[in-house]
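To start, the structure itself, in structure tokens.
The values are calculated or read from the model by the stated rules, or taken from the named source; none is laboratory data. All of these numbers come straight from a predicted model, not from anything done at the bench. With ideal geometry, Cβ positions are generated from the backbone for all residues, glycine too; neighbour counts draw on all protein chains shown.
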Amino acid sequence: MQNIEREHKTFEPSAIHTAGMLGLAAPSGEALTWFPYPRENEVNPESKIRLEDVRVAEKYIPVLFDYLDGALEDFTGFSQEKRNGFVVALSGGIDSAVVTRLLQLYCNDRGKTLKILIMGQGQHDVEVTEYPGPTAEWMDIQYAKAMCADLGLEYEYIDIKPDIDIAKARYNSSWATSSQLPRIRANHLYSTSEEGDLISVGSTNGSEIILAAFSTGGPAGDIAPLVDLYKTEVTALGREIGVPDYITQRDALISELNASEKSYYGVDSTILDPILRRLWYHKQEPEQVARELGHSERWIREIKDKRIDGEAPRRFYKSILINRPVKWEDVEPDLVLDRKYFL
């Protein structure tokens, strides 16, 4: 069931929050073994970034526009020589909202096509108690629709419930079934791009890459313009370019787990990103990070051990290196082949 939405029921943002928050789930004990949740008094709240101090748009947008110009020039089409625009999946969270708004600004300026997809399970113009999918997903959909209404954007709603039902009938564990959601969405994003000669645009941010906070196969898109921005920077960018306040100020959700992001990490990105910057980019040890920011060393070490190091293979697992010293003399290959047959 797919349809282009022009006139649709929308909920007031305050009503979305009130109706939805009561239906979110708390993380299970099993889930928390994989997430670095802080204990009491382990977090220094004074270490947080002030969003008002972050300014990204002035420098970022001209570079992004050049990047998108290049993508349209470089990507070949499917039924024609070149692709003629972009497609994005709008979830209602900050990342996809920022990507959608950026693409709206670009496509309006360049006269290009922009297609927006909102995906959910079954009828979406209903109260949360009548929605067949997770509460968090209902909330995301309502925020996405409200943004489209406020910014004058048309969207296509795709009912992915039949796909989800097939997955649930096949897989039993909660991890396997929940991971199907982003993969199914990714499949529709790619297929829509192929159907319309469009470039699919992903919304994964840099903090998610560092934390490996995605399902394998989930970070979708031919291009991912936010992948080198921390989540705090994405939020600040959204405030600068006109993403509605009810999205830039809302709690981040993990719809696949029907929970708030904070319930798994204990803090939001304004506290987490300075930690990630030091551990990932500056390669600082947990002891130094804890000392500089005033957090518990135990908690910082868990962030590093459980997410940055522990989930590293999910980001990109090493390949078998063959004859690589020919290119990089300081790298030892796993295998050396003569390859005289190429001569």
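Quick check on Val336: is it more than 22 Å from Gly202 (Cα to Cα) and touching a residue at least 12 places away in the same chain (Cβ under 8 Å)?
So Val336 passes the test.
In this structure, is Asp163 touching a residue at least 12 places away in the same chain (Cβ under 8 Å) and under 29 Å from Leu105 (Cβ atoms)?
Criteria not met by Asp163.
For a quick check of your reading of the model, give me the residue pairs whose first member lies in the stretch 171-185 and is farther than 16 Å from Ala89 by Cα, whose second is of a type in the set (Lys, Arg) and assigned to a helix (DSSP H, G or I), with beta-carbon atoms closer than 6 Å and at least 6 apart or on different chains.
Thr177/Lys168
In the stretch 13-54, which residues are in contact with a helix residue (DSSP H, G or I) (Cβ under 6 Å, 6 or more places away or on another chain), of a type in the set (Gly, Ala, Ser) and either closer than 13 Å to Lys262 by Cα or assigned to a loop (DSSP other than H, G, I, E, B) (or both)?
Result: Gly23, single match.
Read through the list (1) more than 24 Å from Cys107 (Cα to Cα); (2) touching a strand residue (DSSP E or B) at 6+ places or on another chain (Cβ under 8 Å); (3) of a type in the set (A, V, I, L, M, F, W, C), then give the number of the only condition that Trp280 fails.
(2)
Within the stretch 38-58, identify whether any single residue is over 30 Å from Gly266 (Cα atoms), of a type outside the set (Val, Ile, Thr) and out of contact with any strand residue (DSSP E or B) (no Cβ under 9 Å at 6 or more places or on another chain), and answer yes or no.
yes
Need at least 1 residues that are modelled with pLDDT of 95 or more per element, so show me which helices (runs of 4 or more DSSP H) inside the stretch 235-317 make the cut, counting only ones lying wholly within it.
245-248, 269-276, 286-293, 297-302
Hey, which of the helices (runs of 4 or more DSSP H) in the stretch 133-218, taking only ones fully inside, have at least 1 residues that are aromatic (Phe, Trp, Tyr) and at pLDDT 90 or above?
Because the criterion is at least 1 residues that are aromatic (Phe, Trp, Tyr) and at pLDDT 90 or above, the helices (runs of 4 or more DSSP H) in the stretch 133-218 that meet it are 135-151, 174-196.
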